[in-house]
1. Of the residues Ile109, Ile100, only one is surrounded by fewer than 17 Cβ atoms within 10 Å (Cβ to Cβ), in contact with a helix residue (DSSP H, G or I) (Cβ under 8 Å, 6 or more places away or on another chain), of a type outside the set (Phe, Trp, Tyr) and free of Cβ contacts under 8 Å to residues at least 12 places away in the same chain; which?
2. Check off (1) surrounded by fewer than 17 Cβ atoms within 10 Å (Cβ to Cβ); (2) among the β-branched types (Val, Ile, Thr); (3) more than 23 Å from Leu23 (Cβ to Cβ) for Thr54 and give me the number that stays unchecked.
3. Residues in region 1-27 that are touching a helix residue (DSSP H, G or I) at 6+ places or on another chain (Cβ under 8 Å), at pLDDT below 95, in a helix (DSSP H, G or I) and open to solvent by 80 Å² or more (accessible area, probe 1.4 Å): how many?
4. Provide a single number: the residues in region 115-142 that are open to solvent by less than 80 Å² (accessible area, probe 1.4 Å) and free of Cβ contacts under 8 Å to residues at least 24 places away in the same chain.
5. Those residues that are under 19 Å from Val129 (Cβ atoms) and more than 18 Å from the chain's Cα centre (by Cα), I need them from region 82-117; list them, please.
6. One residue is enough: does region 123-132 have a residue meeting the conditions over 19 Å from Ser65 (Cβ atoms), out of contact with any helix residue (DSSP H, G or I) (no Cβ under 7 Å at 6 or more places or on another chain) and not β-branched (Val, Ile, Thr)?
7. When the residues of region 1-43 are filtered to those that are aromatic (Phe, Trp, Tyr) and closer than 19 Å to Leu72 by Cα, which remaining residue is farthest from the chain's Cα centre (by Cα)?
8. Is at least one residue of region 59-81 of a type outside the set (Gly, Ala, Ser), open to solvent by less than 40 Å² (accessible area, probe 1.4 Å) and more than 24 Å from Cys130 (Cβ to Cβ)?
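The values are calculated or read from the model by the stated rules, or taken from the named source; none is laboratory data. The structure displayed is predicted, hence computed values, not measured ones. As a convention, Cβ positions derive from the backbone with ideal geometry for all residues, glycine included, and neighbour counts pool all protein chains shown. Heavy atoms of the whole protein, side chains included, go into the accessibility calculation; ligands, DNA and RNA do not. Shrake-Rupley method; radii C 1.70, N 1.55, O 1.52, S 1.80 Å.
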Amino acid sequence: YNFGAKNIQRVREAFVTLLKCCLTFSTLIWLLVMLIPQFFAGIFTPDPELIKLTADAMHIYFAVSLLFGIQLACQQTFIAIGNAKTSLLLAVLRKIVLLIPLIYILPIIFINKTNAVYMAEPIADLLAVCVTGTMFIIQFRKILKSTEA
């Protein structure tokens with residue numbers, strides 16, 4: 001509504017609020033997964049050996065998920081300001097362009113093939129957040145300037 005009304009200051013404030021909320025939530029979830037992964041693994045199995053293996057894998061798989069709040073806030077803001085194509089492009093970048101190739105490439109590089117596959121997720125997430133953040137800074141400023149004019 002604020003974007004349509006050309007209330008640029010409110011658009012900026014709304015984004016900052018959204019970013020804070022998304023980062024708070026993703027950081028909280030990350031902390032829980034890092035501190036008590038056994039709890040989450042235990043939801044799906046009572047087997048202690050499987051819980052330990054899963055907990056170890058979760059530490060790798062969710063290593064940078066605290067940054068995912070940036071990805072989410074930027075993608076949702078692109079949608080809110082009428083740039084859904086960029087949001088879709090960034091989602092495709094993260095899961096298809098980055099993640100799937102990394103799942104195949106990393107096991108070639110690392111000795112522990114299983115951990116290499118788990119590492120594909122945090123690496124893809126980190127790269128996606130960097131690309132998303134950069135694109136967002138550039139495009140958000142440009143869109144807001146053109147809206148003000």
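1. Working: Ile100 fails: in contact with a helix residue (DSSP H, G or I) (Cβ under 8 Å, 6 or more places away or on another chain).
Matching residue, one of Ile109, Ile100: Ile109.
2. So the condition that Thr54 fails would be (1).
3. 1
4. 5
5. Just the residues of region 82-117 that are under 19 Å from Val129 (Cβ atoms), to begin with: 83, 86-103, 106.
Asn83, Leu106, listed by residue number.
6. Start the filter on region 123-132 by keeping residues that are over 19 Å from Ser65 (Cβ atoms), which leaves none.
No, every residue in region 123-132 fails to be over 19 Å from Ser65 (Cβ atoms), out of contact with any helix residue (DSSP H, G or I) (no Cβ under 7 Å at 6 or more places or on another chain) and not β-branched (Val, Ile, Thr).
7. First pass over region 1-43, keeping only residues aromatic (Phe, Trp, Tyr): 1, 3, 15, 25, 30, 39-40.
After this cut, where a residue has to be closer than 19 Å to Leu72 by Cα as well, the list is 3, 15, 25, 30.
Numbers: Phe3: 24, Phe15: 16, Phe25: 12, Trp30: 12 Å.
Looking at residues that are aromatic (Phe, Trp, Tyr) and closer than 19 Å to Leu72 by Cα, I get Phe3.
8. No, region 59-81 has no match at all.
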